Amino acid sequence: MADRDGTSKGELCLDFANDLGDLFTPVRMLRRMETTTDWMDNGICRDHPPATFFPSDGVGVEVAKRICVTCPVVDTCLEYALENHIDHGVWGGTSERQRRRILKARGIRIPAFSE
């Protein structure tokens, strides 16, 4: 069925979808870059249960941080957590509080949901 100007509804929908695609393409590309996790294959954490790095107390945090000290990808892990505003667990040998302080020192605004 064609509209008054001769454009079919299918063409209008396709144009609209293309416009939306143009709006969201940079976001999709950014998400893909942010979630690159190949470095995780080299992390010492792969040899430990995930719960080790998501402790419920300060003692657990210290245990996880001691494991991270010898990890060959500790710096990459920390940067990944900072760039993605990960606010739970021990990443790159740092606690949630330490990562918030690092972001604040770098002048990066922390989203409200992670405070």
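The values are calculated or read from the model by the stated rules, or taken from the named source; none is laboratory data. What you see is a predicted model; the values in this text were computed from it and never measured. Note: ideal-geometry Cβ built from the backbone for every residue, glycine included; neighbour counts use all protein chains shown.
The table below lists the values:
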quantity: Subset of the stretch 71-87 (residues that are outside any helix (DSSP H, G or I) and either surrounded by 15 or more Cβ atoms within 10 Å (Cβ to Cβ) or modelled with pLDDT under 95 (or both)); calculated: CYS71, VAL73, ASN84, HIS85, ILE86, ASP87
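Table: residues versus (1) among the aromatic types (Phe, Trp, Tyr); (2) modelled with pLDDT of 50 or more; (3) assigned to a helix (DSSP H, G or I).
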position: LEU30; (1), (2), (3): no, no, yes
position: TRP39; (1), (2), (3): yes, yes, yes
position: ALA51; (1), (2), (3): no, yes, yes
position: VAL59; (1), (2), (3): no, yes, yes
position: ARG66; (1), (2), (3): no, yes, yes
